[in-house]
């Protein structure tokens, strides 16, 4: 049986995008996007393993500690679990852009971490749902299918100027989840 794996960016896909240069560093500022929890529950019930892949340079900037970020993440996962879904793993790059690390998207270090215990994964069967050109580029670098959602950083008119084009464009995670499930990928 083929593994069904799905990668999600966090800010702008699961929770409200805090704006360019902004970060979600307190639980009080973490606002789930409409139907995000329900979308994850639908995908979980359909057999998808869901992993969050997110750049969180706020740690390197000293705006939040790794421990506090882990606490915020645990609360996100608990809310998703309470809503009937499951996030199998969360992988963050905590470095600043100039750190030249291997984990900051669009590089693939976080994806490799998420997939390290998976055997015989067909990358073309994986979706990466994100809200930015960086997410689309990361998905293309990985060799998976990319879904841009317009609920965060990017607008539809931005896409025509991008070197990396998404395979699919949806309004939000809710629409993307329903589309994926209807298409029977």
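Using 0.36 nm times the number of residues separating residue 124 and residue 178, minus their current alpha carbon distance, what extension gain do you get? Could you put the intermediate results ahead of the total?
Details: separation 54, 0.36 × 54 = 19.44 nm, distance 1.92 nm.
Residue separation times 0.36 nm, minus the Cα-Cα distance, leaves 17.5 nm.
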(request) Report the label-to-label distance for residue 60 and residue 20 in nanometres (one decimal), using points 7 Å from each Cα along the Cα→Cβ vector. (result) 2.0 nm
(request) Within 10 Å of each residue's Cβ, count the other Cβ atoms and sort 161, 95, 178 from fewest upward. (result) 161, 178, 95
(message) Given the -39500 (n - 2.57) contribution per DSSP H run of 4+ residues, what per-residue ellipticity at 222 nm results for the chain, rounded to the nearest 500 deg cm²/dmol?
(response) -9000 deg cm²/dmol
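In whole angstrom, how long is each semi-axis of the equivalent ellipsoid of segment 88-185, when you take the square root of 5 times every eigenvalue of its Cα gyration tensor and sort them from largest down? Can you show the working numbers first?
Working: eigenvalues 92, 71, 27 Å².
Semi-axis lengths for segment 88-185 are 21, 19, 12 Å.
Could you list 23, 92 in order of exposure, starting from the residue whose Cβ has the fewest other Cβ atoms within 10 Å?
Final ranking by Cβ density, sparse to dense: 23, 92.
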(request) Go ahead and run the numbers for FRET between residue 28 and residue 168, Cβ-Cβ distance against an R0 of 25 Å, rounding to 0.05. (result) 0.15
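Using Cβ contacts closer than 10 Å as the measure, can you line up 97, 44 from fewest to most? Each step should come with its number before you reach the end.
On the way: 97 11, 44 20.
Fewest-to-most ranking of 97, 44: 97, 44.
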(request) Could you check what % of the DSSP bridge pairs in the chain are antiparallel, to the nearest 5? (result) 5 percent
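No lab work stands behind these numbers, since they all come straight from the coordinates. Quick caveat, the model's predicted, so the values are computed rather than measured. When we count neighbours, we look across all protein chains shown, and the Cβ atoms used for this are built from the backbone with ideal geometry, even at glycine.
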